[in-house]
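Below is one structure, written out as structure tokens; comments come after it.
The values are calculated or read from the model by the stated rules, or taken from the named source; none is laboratory data. As the structure is a prediction and not an experimental result, all values here were calculated from the model. Neighbour counts run over all protein chains shown; Cβ positions are idealised from the backbone, glycine included.
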Amino acid sequence: MNQLNKISATDAKGAVEEGMALLVCIYDDDKFRDTAHLEGAIPMSEFLKLKPDLATDTRIIFY
């Protein structure tokens, strides 16, 4: 079963930097590039392409 948890920005950054999580922006390409990009993040459109091949235990952080 999937579990949703809120985490701090510091914890999210650390998990992404350590390769323990995938950081996904809920916005698509234009808004992602223009206003919502965080280092290490991917836009929703890229996530949807990767999703079928992700391991079921992949930690995903949405913002």
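Count of region 30-63 residues, restricted to those that are part of a loop (DSSP other than H, G, I, E, B) and either of a type in the set (D, E, K, R) or in contact (Cβ under 8 Å) with a residue 40 or more places away in the chain (or both), is 4. For region 14-29, the criterion of being β-branched (Val, Ile, Thr), loosely packed, with under 12 Cβ neighbours inside 10 Å and either part of a helix (DSSP H, G or I) or touching a residue at least 24 places away in the same chain (Cβ under 8 Å) (or both) is met by none of the residues.
Just checking, does region 17-31 include any residue being at negative phi, among the hydroxyl-bearing types (Ser, Thr, Tyr) and modelled with pLDDT under 85? Checked against the condition, which is being at negative phi, among the hydroxyl-bearing types (Ser, Thr, Tyr) and modelled with pLDDT under 85, region 17-31 yields at least one hit.
Would you check if TYR27 is within 10 Å of the chain's Cα centre (by Cα) and among the hydroxyl-bearing types (Ser, Thr, Tyr)?
No, not satisfied.
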